[in-house]
1. Can you confirm whether region 942-954 contains a residue that is among the β-branched types (V, I, T) and in contact with a strand residue (DSSP E or B) (Cβ under 7 Å, 6 or more places away or on another chain)?
2. List the strands (runs of 3 or more DSSP E) that sit entirely inside region 57-106 and contain at least 3 residues that are touching a residue at least 60 places away in the same chain (Cβ under 8 Å) and crowded, with 17+ Cβ neighbours inside 10 Å.
3. Part of a loop (DSSP other than H, G, I, E, B), within 16 Å of the ligand (Cβ to nearest atom) and among the acidic types (D, E) - does that describe any residue in region 450-461?
4. Taking strands (runs of 3 or more DSSP E) that fall entirely within region 703-802, which contain at least 1 residues that are in contact with a Lys or Arg (Cβ under 6 Å, 6 or more places away or on another chain), crowded, with 19+ Cβ neighbours inside 10 Å and modelled with pLDDT of 95 or more?
5. Residue pairs, Cβ under 9 Å, 6 or more apart or interchain, first in region 845-871 and within 22 Å of Y947 (Cα to Cα), second among the aliphatic types (A, V, I, L, M) and surrounded by fewer than 16 Cβ atoms within 10 Å (Cβ to Cβ). List them.
6. Would you please name the residue that is surrounded by the fewest Cβ atoms within 10 Å (Cβ to Cβ), looking only at residues in region 556-579 that are among the polar types (S, T, N, Q) and away from the ligand (no atom under 16 Å from the Cβ)?
7. Taking region 585-602 as the region of interest, how many residues are buried (at least 19 other Cβ atoms within 10 Å of the Cβ) and within 14 Å of F530 (Cα to Cα)?
8. Show me the strands (runs of 3 or more DSSP E) found entirely inside region 276-379 where at least 1 residues are more than 16 Å from the ligand (Cβ to nearest atom) and either of a type in the set (G, A, S) or in the same structural domain as E558 (by TED's automatic domain parsing) (or both).
Amino acid sequence: MATLRPSSTGWALFLALLTILLCLVVPGEMVKHNNFKKCDQSGFCKRNRAYANSASNQGSSWSAPYHLDSSSVKFSNGQLLGTIVKTIENNEKVNLPLTVSFLESGVTRVTVDEEKRIKGDIELRHESKVRKERYNEAAKWTIVGGLELSSTAELVKETEAGVTKVFYGPNNKFQAIIRHSPFEVHFQRDGETHIQLNDKGFLNMEHWRPKVENPDREDNDSKDNVDDSTWWEESFGGNTDSKPRGPESVAMDITFPGYSHVFGIPEHADSLSLKETRGGDGHHTEPYRMYNSDVFEYELNSPMTLYGSIPFMQAHRKGSTVGVFWLNAAETWVDIVKTKASTNPLALGVSGKTSTQTHWFSEAGQLDVFVFLGPTPQDLSRTYGELTGYTQLPQHFAIGYHQCRWNYVTDEDVKDVDSKFDMYQIPYDVIWLDLEYTDQKKYFTWDPLTFPDPDGMQKQLDDSERKLVVIIDPHIKNEANYPIVEDMKSKGLAVKNKEGNIYDGWCWPGSSHWVDCFNPAAMSWWTTLFKYDKFKGTHPNMFIWNDMNEPSVFNGPETTMPKDNIHHGGWEHRDVHNVNGMTFVNATFNAMLERKRGEIRRPFILTRSFYAGTQRIGAMWTGDNQANWDHLAASLPMVLNNGIAGFPFAGADVGGFFGNPSKELLTRWYQTGIFYPFFRAHAHIDTRRREPYLAGEPHMSIITQALHLRYQLLPAWYTAFQQASVDGSPIVRPQYYVHPDDEAGFAIDDQLYLGSTGLLAKPVVTEGASSVDVYLADDEQYYDYFDYTVYQGAGKKHTVQAPLEKVPILMQGGHIIPRKDRPRRSSGLMKWDPFTLVVALDRNGQADGTLYVDDGETYDYQNGAYIHRRFSFSSSSLSSEDIGAKGTKTGQYLKTMAGVRVEKIIIVGAPAEWEGKSSVLVLEEGSHTGSQASLQWFAKQGGKAAYAVVKDPGVSIGNLWKIDFS
Ligand code: NOJ
């Protein structure tokens, strides 16, 4: 009799199907939360949150124990010095020296230290030999300029008692109002407060104290309900941190009155506009954490820490952008709370508006905070860059497409992949070697069986101007007869454990030691390792990938080094953790500069870990993402956020690192990846091969089209990189940055602008999509990049068709976009190709744009060997003018570029009067007569704009010229 009960084979089948179904619906891999601290598992985080709670709960009866001693205040030459006095138990006083530096740039730096520790007047526990001071060298690694003190900052003479005021900044329009008791600073611009330090009274500098054995709880801090259980020791995941200096965290609240959006503080897999962290609908419950970590299978929409940290935050509201940079290299957390001001008439200027309160806390170090009063996002980028440096102008190849996987397994494999790209006519610039090229994970060696001929491999790549990148990590295999480790050990260049012996941990090679790049001797030694005769089988077209430099230690606490490890100079790892990764890149950067005497070319280094300042020396990527749509979508806010935090040379693994993307996902990822400043496909060792030519049709052709688009726009990309290298502006820009007055766009983080080109892209990041909605902030006309369909209408979304083969890109009217339209195998082969200019006219028939070109390789541009032009279209005339400065190498460079011309000009939105016109007049410097070039005009069709094409005007890209369309 038939029943509904399945037979036993039926059961088996059913269960198998169920399992498969479950596998399909179960969300992707999950981060192991237990491996990483939550705030209440991190002693100082918990204490500072509790301190803030207690202060908030006490409300107006809260009296913060920090007062600036009025008699100590001295002001001279742009700097205010004083002593903040902290009152502790039994009315004892702790002196905290304060320095407020008013910088020429209009930025203010507020530094607070601790007298006893400065003087070394403290006792270390466990007979430790570490330094007694609070770490004061974060600036040494991070700050490269902008510290000149203001010559015009001026102390306001007449003020009420207990208040010090200083005018500073451009035309002295900024004012710092320092209240002495409790200590608090308001920063005003044009009479309005934009930033408040310690307005909530969360300032907390955990002063040095001796450990009281068997404390009498009555007399100890416990009376204030301070949790002292982690003051002297802290355990997590089986590791105990010995804390020889006891509790020493620094914390402060920073409020942005009237600002409802804050951005920055990467790296987090989260939205661009940062969320609140104290719970509530859609908000986080944990603070944003910055403690560089190798987070396996990281989760999205999370304030969890990731591989890098930049403690720079921008607060934005209509008409104003301000910010802070919290210079501290130790573990740091940031709480964010937004409050809606009551319609209190006393809440000057912010009544009824949302304000953002932030609370910053770091485990150790000085309190050192830079305050920026804007008022524009560009001002923030520029002044922050003045301090921490601008993005390195990379070699030109570095902005092409990078082909990576873990791993290309032999030198023949590399050559084969290289040839296949050619066979299928797909452009790429760089192929990468992950770990497996080495002889058993010993860096600076080649596996003799699988890579017997690195020379031949690099030679083949060089034939088409392609490059090789190889991975070099900071862990050095601890194995007998490995000269590198022996050398490092014998010279004392490795990081030490708390006992002062060489620290031994576990990473890819097994037992390993870590090179201590805080040590100048280690840096010099590192330099020797990259010389061609030392790292044999490497060529000038080989560059470096520094991975695992958080540092990642598989058996360490939170997958990193113990905090009580010791670095050069006697600093604990706790003090320097977040700059550690950058010091390694720094050493590699110097080494790459010195590979051979006389061969000075711009290094290219990719790093996973970073801190403020890493933008000067490398590119970053967002680490081990996953091959799913959510990770594709998350890559956009992450890359955008890095850009506004001053490190725009950023990208994510195209295709997703873990897992196998569907062909649709892979295709959409390439179409998105072409908008990452750093554009690299990468995949885990367990994934299937997915080079573009394996995708099959139509995917292969669509991916190839996307790659051609990237290559076509390389002149625009390189121009955006050059701009970033001189003023810190992001290479891809979020909506608020480009339209700072359009409130509806502030939180948008899924569309982006390429440099100053007016190109607006909204990549497809959802499965099965056939259109996207692009938000337009202004009333300008926006043209579809491919067919010139016009979209217009401010403050709303416009549907743009986006079938699989289409990348949604619009051109904002008013811009001129430089391109190179001839497809080649690599960017190096495009060097002498002619340019195309796309002139997208605005409503007034005008447009302008810029182009920067140099040799893409050396530093000769610093001596004027470059072309920098501004193109302008107005009154029916297109002209090219020089906006560069001349140098000793300008003339010679221009000679080499004389034959590089403009081969095509496309005018989109061309006026109807041009109908019937068949030529234009071309005037070029050096030719008196002028010449004619052909013009073809195409009428407007349906929703598509009219356009015109000038063929081969013959003008040289470096020359002064003018084309008359009248
Ligand atoms: C971790 C990196 O994030 C990943 O990209 C790389 O492939 C592996 N390390 C192996 O080197």
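The values are calculated or read from the model by the stated rules, or taken from the named source; none is laboratory data. Fair warning: this is a prediction, and the values are worked out from it, not measured in the lab. Virtual Cβ from ideal backbone geometry, glycine too; neighbours counted across all protein chains shown.
1. Looking for residues that are among the β-branched types (V, I, T) and in contact with a strand residue (DSSP E or B) (Cβ under 7 Å, 6 or more places away or on another chain), one finds at least one in region 942-954, hence yes.
2. Details: elements: 66-68, 74-76, 79-87, 93-102.
Once the strands (runs of 3 or more DSSP E) in region 57-106 are filtered for at least 3 residues that are touching a residue at least 60 places away in the same chain (Cβ under 8 Å) and crowded, with 17+ Cβ neighbours inside 10 Å, what remains is 66-68, 79-87, 93-102.
3. no
4. Numbers: elements: 752-754, 759-761, 771-776, 782-784, 796-801.
Those strands (runs of 3 or more DSSP E) span 752-754, 771-776.
5. T850/I883; R870/I883
6. Pass one, region 556-579, residues among the polar types (S, T, N, Q): 559-560, 565, 578.
Subset that is away from the ligand (no atom under 16 Å from the Cβ): 565, 578.
On the way: N565: 26, N578: 30.
Filtering region 556-579 for residues that are among the polar types (S, T, N, Q) and away from the ligand (no atom under 16 Å from the Cβ), the one surrounded by the fewest Cβ atoms within 10 Å (Cβ to Cβ) comes out as N565.
7. The first filter runs over region 585-602 and keeps only residues buried (at least 19 other Cβ atoms within 10 Å of the Cβ), leaving 585-589, 591-592, 595, 602.
Then keep just the ones that are within 14 Å of F530 (Cα to Cα); that gives 585-589, 591-592, 595.
Residues in region 585-602 being buried (at least 19 other Cβ atoms within 10 Å of the Cβ) and within 14 Å of F530 (Cα to Cα): 8 in total.
8. Details: elements: 288-290, 312-317, 320-326, 332-340, 354-362, 367-372.
In region 276-379, the matching strands (runs of 3 or more DSSP E) lie at 312-317, 320-326, 354-362.
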